[in-house]
1. Go through (1) in contact (Cβ under 8 Å) with a residue 12 or more places away in the chain; (2) over 18 Å from Asn6 (Cα atoms) one by one and return the number of the condition Ala276 breaks.
2. Could you grab me the full set of residues in segment 236-246 that are in a helix (DSSP H, G or I) and surrounded by fewer than 18 Cβ atoms within 10 Å (Cβ to Cβ)?
3. Among the numbered conditions (1) within 30 Å of Leu142 (Cα to Cα); (2) in a helix (DSSP H, G or I); (3) out of contact with any Asp or Glu (no Cβ under 6 Å at 6 or more places or on another chain), tell me where Ala22 comes up short.
4. Condition first: open to solvent by less than 20 Å² (accessible area, probe 1.4 Å) and over 22 Å from Trp258 (Cβ atoms). Now tell me which residues in segment 325-360 satisfy that.
5. Out of segment 79-115, which residues are part of a loop (DSSP other than H, G, I, E, B) and either of a type in the set (S, T, N, Q) or surrounded by fewer than 23 Cβ atoms within 10 Å (Cβ to Cβ) (or both)?
6. Name the residue, out of Leu265, Leu223, Leu254, that is more than 16 Å from the ligand (Cβ to nearest atom), farther than 14 Å from Gln79 by Cβ and not in a helix (DSSP H, G or I).
7. Could you please tell me which pairs satisfy a Cβ distance under 7 Å, a separation of 6+ or placement on different chains, a first residue in segment 126-138 that is in the same structural domain as Pro304 (by TED's automatic domain parsing), and a second residue that is exposed (fewer than 11 other Cβ atoms within 10 Å of the Cβ)?
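The values are calculated or read from the model by the stated rules, or taken from the named source; none is laboratory data. A quick note: this is a predicted structure, and the numbers were derived from the prediction, not measured. Backbone-built Cβ (ideal geometry, glycine too); neighbour counts: all protein chains shown. Keep in mind that these areas ignore ligands, DNA and RNA; they rest on the heavy atoms of the full protein, side chains included. Shrake-Rupley method; radii C 1.70, N 1.55, O 1.52, S 1.80 Å.
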Amino acid sequence: MTRVFNFSAGPAALPEPVLRQAAEEMLDWHGAGCGVMEMSHRGKEFTSIIEQAEADLRELMAIPQNYRVLFLQGGATQQFAQIPMNLLGGGSADYLVTGTWSKKAFKEAQRLAGPLGGAVRLVGSTEAEGFARALRADELALDPQAAYVHLCTNETIHGVEVGDEGLPPAVAPLVADMSSHILSRPTDVSRYGLIYAGAQKNIGPSGLVIVIVREDLLGRASLLTPTVMDYKVMADNGSMLNTPPTYGIYVAGLVFRWLKAQGGLAAMEQCNIDKAALLYDFIDGSGFYRNTVEVGSRSRMNIPFLLRDDALNDAFLAGAKAAGLTQLKGHKSVGGMRASIYNAMPIEGVRALVDYMREFAAQHG
Ligand SMILES: *Cc1c(COP(=O)(O)O)cnc(C)c1O
């Protein structure tokens, strides 16, 4: 068996010890005589799995008591609709657009606002600048009456990230799509009304989405909201109104344990800073590759880069694959390359990528 260094943006690489443990437990979980995929979600075995997963996530992110953790389905995209259905309440919401994902979230909310009897406002967009930076607080005229303010804190396609320090002022509850950088750095959950993240970037298998929501935001859903999409109903039922994505929750739980064993989020952050610095420093000094995102807005997780000449892209990808470095092709809307270096990517993988890039530039420069 040969495992490559997999730079996929998502579904993305998982920590090898997690995959090994899942493989070991595939046929018989802890003496249950069956695997996790085959057991009742209401039995005591699975109850212990979901409770432990939630407890570990709460510990990792220091989630305050007045927040609920929901394990839902439908991916982050479903949340683009579920958020206005649950939170708009006939009012108005403010949206920041800094890349493909926040733009999709805005479009979906815009589509639903009318039927929901509310409104959405685009309060800032960097689209005209090619989504090459985050928005600054001083360029936003936020509505203090807004039902919520939506933003994406890591734009997976454009490689633009903001941490807690770059957030807009909390004049209204902040709702953040953290799909591609959750658990990569400490987050002060109390600064957000709602955090959501699809699992397949930094948590586990696709199909699972995690929602962390402040309790006072529950119970505001529009009557148009399907029961299975009502946060309060899901919270009241421990995410089990219906069958939850059990296997995804189990693997997410293994990832949470693995993160704790690595030293938690402060340790992960240092590792992610080191990995990203290695790659950006090389790109900036290469004279052959370039990343066009403003330095202060650069993502530690998703690093798009262009070669000096696009005609070399295919040769670059073929050589990378031969060197065991896969899924580096950039998103079609941006072109070039993208290296996604989530928690599960070891620094050795980034070193191997930089070595390959150096060699390729020397041959073609
Ligand atoms: C991948 C991604 C999504 C979409 O996730 P799905 O699970 O495919 O719906 C949304 N937002 C961000 C930031 C993402 O990276």
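1. All conditions pass for Ala276, except number (2).
2. Asp236
3. (1)
4. Leu325, Leu328, Gly330, Gly336, Met337, Leu353, Val354, Met357, Phe360
5. Gly89, Gly90, Gly91, Thr98, Gly114, Pro115
6. Leu223
7. Qualifying pairs under 7 Å: none.
Conditions (1) more than 16 Å from the ligand (Cβ to nearest atom); (2) in the same structural domain as Ile83 (by TED's automatic domain parsing); (3) crowded, with 20+ Cβ neighbours inside 10 Å; (4) closer than 15 Å to Ser102 by Cβ, marked per residue:
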residue	(1), (2), (3), (4)
Gly118	yes, yes, no, no
Val123	yes, yes, yes, yes
Ala147	yes, yes, yes, no
Thr156	no, yes, yes, yes
Asp164	yes, yes, no, no
Val171	yes, yes, no, no
